[in-house]
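Below is one structure, written out as structure tokens; the observations come after it.
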Amino acid sequence: MAVTEPIGGPGRASRARGDRAVFIDKDGTLIDDVPYNVDPRFVRLALGAGTALALLKAAGFRFVVVSNQPGIAYGRFGASALGAVEDRILELLAPYGVAIEAFYYCPHARVERCGCRKPSPGLIAAAAADRGIDVARSWLIGDILDDVEAGRRAGCRAALIANGNETEWFLSELRMPTIVADSLPQAARAIVTARRTAAEPPGSRRHAGALVGSR
Ligand SMILES: [Mg+2]
Ligand SMILES: [Zn+2]
């Protein structure tokens, strides 16, 4: 289904179709990647994250974190330890007037072959169902192609932050980002611009692979 978005924020039609959201990866995308960290003292927002989310919020997007946390399966920390990290992220975002409304985690190791570990779409599908989000009007932002694939399998468009964290570059049609950006603010600007012009459904061939250059 082609969707044309109204310029100037959500209107009657958008409410009828369900809300739009940005599903955002946590480690290496929203915050700097510190492997297996659950100490709030080491949580740092990615450069420009606050202003990026403020721009997206103004365009009518809600925010849900979708994050693989195999450290739980490996016994590095308990699931409850992530609460302190969530609190710190919310504290750091508050000055920008934005909040993450929910955090969805996969607690499994890859070998468990669950349906929620990205690149599977389970976290996004669950969040969308739980929270009345229309995936066709939503985006995934991540720093590796497994994030992109999860977003596109769920029916979202996907922005890859090419910050060096993806190292394998195993590409397939479902791993092609809609947008490639250097940073979260650049991705946010591209998403807001795409929203005004996009008329292609997620997963269409013409839709994949737009590249956003440096400014
Ligand atoms: Mg990541
Ligand atoms: Zn899982």
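Within the set of pairs 6 or more residues apart or between chains, which connect a residue that is within 15 Å of ligand 1 (Cβ to nearest atom) inside the stretch 100-121 to a residue that is in a loop (DSSP other than H, G, I, E, B) with Cβ atoms less than 6 Å apart?
As it stands, the answer is Tyr105/Gln69; Cys106/Cys116; Cys106/Arg117; Arg117/His108, since those pairs meet every condition given.
Quick one: in the stretch 93-110, of everything that is more than 9 Å from ligand 2 (Cβ to nearest atom) and hydrophobic (A, V, I, L, M, F, W, C), which residue is farthest from the chain's Cα centre (by Cα)?
Of everything passing the filter in the stretch 93-110, Ala94 is farthest from the chain's Cα centre (by Cα).
What are the residues in the stretch 57-106 that are charged (D, E, K, R) and within 21 Å of Lys118 (Cβ to Cβ), if any?
Within the stretch 57-106, the subset charged (D, E, K, R) is 57, 62, 76, 86-88, 91, 101.
Matches in the stretch 57-106: Arg62, Arg76, Glu86, Glu101.
Looking at (1) over 21 Å from the mean Cα position of the chain (by Cα); (2) exposed (fewer than 12 other Cβ atoms within 10 Å of the Cβ); (3) part of a helix (DSSP H, G or I), which is the one condition that is false for Ala81?
(2)
Those residues that are in contact with a Leu (Cβ under 8 Å, 6 or more places away or on another chain) and either within 13 Å of ligand 1 (Cβ to nearest atom) or within 12 Å of Pro121 (Cα to Cα) (or both), I need them from the stretch 145-157; list them, please. Give the steps one after another, and end with the answer.
We begin by selecting, within the stretch 145-157, every residue in contact with a Leu (Cβ under 8 Å, 6 or more places away or on another chain); these are 145, 147-154, 156-157.
Once the filter is applied, which keeps residues that are in contact with a Leu (Cβ under 8 Å, 6 or more places away or on another chain) and either within 13 Å of ligand 1 (Cβ to nearest atom) or within 12 Å of Pro121 (Cα to Cα) (or both), the stretch 145-157 yields Leu145, Asp147, Val148, Glu149, Ala150, Gly151, Arg152, Arg153, Ala154, Cys156.
Going through the stretch 111-136 one residue at a time, which ones are within 13 Å of ligand 2 (Cβ to nearest atom) and either modelled with pLDDT under 95 or not in a helix (DSSP H, G or I) (or both)? It would help to see each step written out before you state the result.
Filtering the stretch 111-136 for residues within 13 Å of ligand 2 (Cβ to nearest atom) gives 111-126.
If the condition is that a residue be within 13 Å of ligand 2 (Cβ to nearest atom) and either modelled with pLDDT under 95 or not in a helix (DSSP H, G or I) (or both), then Arg113, Cys114, Gly115, Cys116, Arg117, Lys118, Pro119, Ser120, Pro121 are the ones that fit.
Which pairs turn up if I take residues in the stretch 57-82 that are over 30 Å from Arg137 (Cα atoms) and look for partners that are away from ligand 2 (no atom under 15 Å from the Cβ) and assigned to a loop (DSSP other than H, G, I, E, B) with beta carbon separation below 6 Å, at least 6 apart in sequence or on another chain?
Gly71/Tyr36; Gly71/Phe77; Arg76/Tyr36; Phe77/Val38; Ala81/Val38
Within the stretch 39-49, track down each residue that is crowded, with 19+ Cβ neighbours inside 10 Å and either in a helix (DSSP H, G or I) or away from ligand 1 (no atom under 15 Å from the Cβ) (or both).
Scanning the stretch 39-49 gives a single hit, Ala49.
Would you be able to say whether some residue in the stretch 53-71 is more than 10 Å from ligand 1 (Cβ to nearest atom), crowded, with 21+ Cβ neighbours inside 10 Å and closer than 19 Å to Gly164 by Cα?
no
So in the stretch 144-175, with the set limited to residues that are surrounded by fewer than 24 Cβ atoms within 10 Å (Cβ to Cβ) and acidic (Asp, Glu), which one is farthest from ligand 2 (Cβ to nearest atom)?
Glu173
Which numbered condition in (1) closer than 27 Å to Gln186 by Cβ; (2) within 16 Å of ligand 2 (Cβ to nearest atom); (3) surrounded by fewer than 17 Cβ atoms within 10 Å (Cβ to Cβ); (4) not aromatic (Phe, Trp, Tyr) is the only one that Leu90 fails?
Against the list (1) closer than 27 Å to Gln186 by Cβ; (2) within 16 Å of ligand 2 (Cβ to nearest atom); (3) surrounded by fewer than 17 Cβ atoms within 10 Å (Cβ to Cβ); (4) not aromatic (Phe, Trp, Tyr), Leu90 comes up short only on (2).
The values are calculated or read from the model by the stated rules, or taken from the named source; none is laboratory data. Values in this document were obtained by computation on a predicted structure and should not be read as measured data. As a convention, Cβ positions derive from the backbone with ideal geometry for all residues, glycine included, and neighbour counts pool all protein chains shown.
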